[in-house]
Amino acid sequence: MFTFQWPWLVVLLPLPILVWRFWPRPQLSADNLPKLRLPNTKYVQEAFSQLDSPQINQRWRWILLIVCWTGLVIALMYPQWLDKHIEVSQTGYDLMLAVDLSVSMETPDFFTNRQQIQRIDAVKLVLEPFLKSRVGDRIGLILFADQAYLQAPLTLDNVAVNSLLQKAIIGMAGRETAVGDAIGLAVKKLRDRPEGSRILILLTDGDNNAGTLDPLKAAQLAKQYDIRIYTIGVGSNRGMFRQRLNDKPLKQIARMTGGVYFPATDLSALANVYKNIDQTLTKTEAESRIYIQRTPLYQWPLGVAMFALLMLQLLRIVGPRD
């Protein structure tokens with residue numbers, strides 16, 4: 001579709017006529033004209049007579065002037081071609097990750113290549129390929145300990161989210177565990193998203209010992225906004241470690257919100273968690289956008305105006321002579 005961005009500039013078209021008609025002209029009489037003596041008056045008169053020579057067709061002169069001014073005004077109106085509206089629908093989840101950074105996540109009850117690693121390192125190790133596979137999903141990141149902090153809002157840039165996660169360290173949000181506050185913050189960020197795509201994945205050892213919001217009350221709030229919580233119990237429940245996995249509240253939270261609880265007692269189990277999540281969730285059409293492609297066309301009338309101006313000057317210089 002052809003259109004102008006500033007169509008109101010068409011009012012400039014009659015401007016030269018208005019200036020010619022109403023601009024005051026100085027009244028000079030022959031007596032008031034200055035009298036100059038030039039040594040080569042004859043040659044000067046011949047030069048000016050060539051510029052205003054009647055040999056130039058006055059009709060063409062006016063046509064070129066009109067074309068030049070019209071082309072300039074049209075170029076100022078910024079003509080453009082609008083392509084058809086393109087509606088792009090995106091299917092995916094609004095997926096918020098809440099990762100526990102409390103001291104208990106330092107417990108070294110995971111093993112990789114016969115090397116003992118901490119719970120938080122295991123989470124980072126397995127989350128990296130998971131995030132890279134989330135093409136089309138809007139992913140956010142919440143880090144919590146004494147309090148919950150939004151580290152990354154919902155975004156399609158999963159590389160940036162993964163980078164922020166890899167830089168997270170134990171103690172940067174405190175030492176205790178505020179599971180309820182993390183769920184409450186996730187609800188605040190997800191509640192305005194389209195229904196059916198609101199997902200929270202909570203990774204913690206399940207021990208809530210800080211914060212102002214009870215985890216089960218926060219889960220009830222998530223249920224009201226149709227937010228499904230997939231809880232992942234990170235750690236071992238064997239007695240050899242002081243910080244054992246407390247999975248009971250995590251099971252309650254998942255069941256209350258229509259999500260699923262996944263125990264992740266080792267790296268292989270943690271990796272399978274994300275495979276199960278992919279199989280469990282169904283992508284929904286979360287949002288659609290309308291794009292308009294604009295192609296500017298001002299260069300064409302501007303080129304015509306410049307060509308008319310050039311032709312006008314050429315006709316004055318190289319016009320036919322007696």
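Annotation: F48 fulfils all but one of (1) at pLDDT 60 or above; (2) more than 21 Å from A308 (Cβ to Cβ); the unmet one is (1). Within the option set L314, L297, being touching a Phe, Trp or Tyr at 6+ places or on another chain (Cβ under 8 Å), surrounded by 10 or more Cβ atoms within 10 Å (Cβ to Cβ) and at pLDDT 60 or above holds for one residue only, L297.
Screening K217, K223, K167 for residues that are modelled with pLDDT of 90 or more, over 21 Å from R255 (Cβ atoms) and either assigned by TED's automatic domain parsing to the domain that holds T265 or of a type in the set (A, V, I, L, M, F, W, C) (or both) leaves exactly one candidate, K167.
Just one of the listed residues (L164, L131, L141) is within 23 Å of D214 (Cα to Cα) and not acidic (D, E), and it is L141.
Answer yes if at least one residue in segment 194-210 is charged (D, E, K, R), more than 20 Å from Y93 (Cβ to Cβ), crowded, with 20+ Cβ neighbours inside 10 Å and in contact (Cβ under 8 Å) with a residue 40 or more places away in the chain, and no otherwise. Looking for residues that are charged (D, E, K, R), more than 20 Å from Y93 (Cβ to Cβ), crowded, with 20+ Cβ neighbours inside 10 Å and in contact (Cβ under 8 Å) with a residue 40 or more places away in the chain, one finds at least one in segment 194-210, hence yes. Provide a single number: the residues in segment 119-147 that are in a strand (DSSP E or B) and within 26 Å of the chain's Cα centre (by Cα). Of the residues in that region, 6 qualify. Applying the criterion of being surrounded by fewer than 17 Cβ atoms within 10 Å (Cβ to Cβ) and either basic (K, R) or outside any helix (DSSP H, G or I) (or both) to the residues of segment 91-116, the residue that is modelled with the lowest pLDDT is T91. The single condition among (1) in contact with a Lys or Arg (Cβ under 8 Å, 6 or more places away or on another chain); (2) part of a loop (DSSP other than H, G, I, E, B); (3) modelled with pLDDT of 60 or more that Q27 does not meet is (1).
Of the conditions (1) at pLDDT below 90; (2) within 32 Å of the chain's Cα centre (by Cα); (3) surrounded by fewer than 17 Cβ atoms within 10 Å (Cβ to Cβ), L281 clears all except one; give me its number. Of the numbered conditions (1) at pLDDT below 90; (2) within 32 Å of the chain's Cα centre (by Cα); (3) surrounded by fewer than 17 Cβ atoms within 10 Å (Cβ to Cβ), the odd one out for L281 is (3).
One residue stands out in segment 99-131 among those that are of a type in the set (K, R) and touching a helix residue (DSSP H, G or I) at 6+ places or on another chain (Cβ under 8 Å): the one that is nearest to G174 (Cα to Cα), namely R119.
The values are calculated or read from the model by the stated rules, or taken from the named source; none is laboratory data. These figures come from a predicted structure and were not determined experimentally. So basically every Cβ, Gly included, is an ideal-geometry build from the backbone, and we count neighbours across all protein chains shown.
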